[in-house]
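The values are calculated or read from the model by the stated rules, or taken from the named source; none is laboratory data. Please read all numbers here as calculations on a predicted model, not as lab measurements. We place every Cβ from the backbone using ideal geometry, glycine too, and count neighbours over all the protein chains shown. Side chains are part of the model used for accessible areas, which takes the heavy atoms of the whole protein and leaves out ligands, DNA and RNA. Shrake-Rupley method; radii C 1.70, N 1.55, O 1.52, S 1.80 Å.
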Amino acid sequence: MAQSRTINGKVAIVTGGTGGVGNALAKALVREGARVAICDLDSDLVEKAVIELNSIGGSDAIGTAVDLSDRDAYSAFLEEVEEKLGPIDILVNNAAIMPVGPFEEETEATAARQVDVNFHAVLHGTKEALKRMKPRGSGHIVNVASGAGWVPGAGGVTYSATKFAVNGMTQALDLELHGSGVDVSIVAPGVIKTQLSSGIKEVKGLKPVTPDEVAAAIVDGLKNPRFAIFVPRAMGLMAHVYSILPYKVRGAMARATGSDKLLLNADKAARAEYEAKVGVGENAPV
């Protein structure tokens, strides 16, 4: 059995690092001795999160407010991290948004925002990280996708499309990076108990997971590299079974578990605060 890798002393970036999985992961990495940099939209939340990270183990965590749809700002953030902490060893593309509702009611702006944050930012950040990692022959890129990147559902058409895109991109990249010394992993959580999943019911046979559980799985995947990280493990079984079934059977399976209308039947009132926060929905800032 291969020896577990250490994260101690590694420079790690976590996008979307102020809440949910991102914040839980940043804390877990600090506890492992990593030198952590986070980014997110809200500068006040970033500042607060960095103070908290540095209180955990006296680390030298840093953070910057970045809109990941701004490619120049994202690149500048990576430069800042390398200047302050050193060469980037780990990039976790975690940031994502999930507006839900009938596809035909989705605005062009909401669709574009999802594609920008959930997919284009992953492409850009990964390219920028690889320019730094490949010449050194080491590094690990982790793309946080979703169970919706394997098992789609009504009410999240564009969201599922972006996560399927991240899934396909990561699989192709894994083939391309073989022998380069750079590892790539994809994370597929089911329903996570965060603000992103507000108003969303459970899937039959698939218990919701906490941000700490997802963070622990990612840390384990960094120590013991593997391509796919499913949380909970039942999500992996569902994804693999779903992928080999005939299409009509997939539909029956989705209806049986309730995953077919999981997002379409979300409680809109319960999700209003979240959607406004991420810049979509009826109450989003203009």
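Would you check if there is a residue in the stretch 216-223 being at pLDDT 65 or above, assigned to a strand (DSSP E or B) and either surrounded by 20 or more Cβ atoms within 10 Å (Cβ to Cβ) or not charged (D, E, K, R) (or both)?
From the stretch 216-223, those at pLDDT 65 or above are 216-223; that's our starting set.
Of the ones still in play, those that are also assigned to a strand (DSSP E or B) are none.
Within the stretch 216-223 (the criterion being at pLDDT 65 or above, assigned to a strand (DSSP E or B) and either surrounded by 20 or more Cβ atoms within 10 Å (Cβ to Cβ) or not charged (D, E, K, R) (or both)), the answer is no, since none of the residues qualifies.
Across the stretch 137-160, which residue is surrounded by the fewest Cβ atoms within 10 Å (Cβ to Cβ) among those that are of a type in the set (A, V, I, L, M) and at pLDDT below 85?
First, the residues of the stretch 137-160 that are of a type in the set (A, V, I, L, M): 141-142, 144-145, 148, 151, 154, 157.
Next cut, at pLDDT below 85 only: 148, 151, 154.
Numbers: Ala148: 24, Val151: 25, Ala154: 18.
Once the filter is applied, the top-ranked residue is Ala154.
Which of (1) at pLDDT below 70; (2) assigned to a loop (DSSP other than H, G, I, E, B); (3) under 18 Å from the mean Cα position of the chain (by Cα) is the odd one out, the single condition Arg226 does not satisfy?
Among (1) at pLDDT below 70; (2) assigned to a loop (DSSP other than H, G, I, E, B); (3) under 18 Å from the mean Cα position of the chain (by Cα), Arg226 violates only (1).
Write out, first by first residue and then by second, each pair whose Cβ atoms fall under 6 Å of each other, whose residues are 6+ apart or on separate chains, and whose first residue, in the stretch 125-138, is closer than 14 Å to Tyr74 by Cα while the second is of a type in the set (Val, Ile, Thr) and not in a loop (DSSP other than H, G, I, E, B).
Thr126/Ile141; Ala129/Ile141
For the stretch 20-73: of the residues being outside any strand (DSSP E or B) and of a type in the set (Lys, Arg), which is least open to solvent (accessible area, probe 1.4 Å)?
Of the stretch 20-73, the ones outside any strand (DSSP E or B) are 20-34, 41-61, 66-73.
From what's left, of a type in the set (Lys, Arg): 27, 31, 48, 71.
Numbers: Lys27: 43, Arg31: 162, Lys48: 141, Arg71: 63 Å².
Selected residue: Lys27.
Among the residues of the stretch 162-180, is any in a loop (DSSP other than H, G, I, E, B), at pLDDT below 85 and either buried (at least 18 other Cβ atoms within 10 Å of the Cβ) or out of contact with any strand residue (DSSP E or B) (no Cβ under 6 Å at 6 or more places or on another chain) (or both)?
From the stretch 162-180, those in a loop (DSSP other than H, G, I, E, B) are 177-180; that's our starting set.
With the extra rule that they be at pLDDT below 85, the set shrinks to none.
No, the stretch 162-180 has no match at all.
Of everything in the stretch 6-18 that's assigned to a loop (DSSP other than H, G, I, E, B) and in contact with a Leu (Cβ under 7 Å, 6 or more places away or on another chain), which residue is nearest to Gly58 (Cα to Cα)? Quick ask: steps written out before the conclusion?
Going residue by residue through the stretch 6-18, those that are assigned to a loop (DSSP other than H, G, I, E, B) are 6-10, 16-18.
Among the residues that remain, those that are also in contact with a Leu (Cβ under 7 Å, 6 or more places away or on another chain) are: 7, 18.
On the way: Ile7: 16, Thr18: 18 Å.
The residue in question is Ile7.
Sort out which residues of the stretch 91-110 are over 16 Å from Ala148 (Cα atoms), open to solvent by 10 Å² or more (accessible area, probe 1.4 Å), of a type outside the set (Ser, Thr, Tyr) and in contact with a helix residue (DSSP H, G or I) (Cβ under 8 Å, 6 or more places away or on another chain), and write them in order of number.
Glu106
Of the residues Ala76, Ala121, which single one is closer than 15 Å to Ile13 by Cα, open to solvent by 50 Å² or more (accessible area, probe 1.4 Å), of a type in the set (Gly, Ala, Ser) and part of a helix (DSSP H, G or I)?
Numbers: Ala121 fails: open to solvent by 50 Å² or more (accessible area, probe 1.4 Å).
Unique residue meeting the criteria: Ala76.
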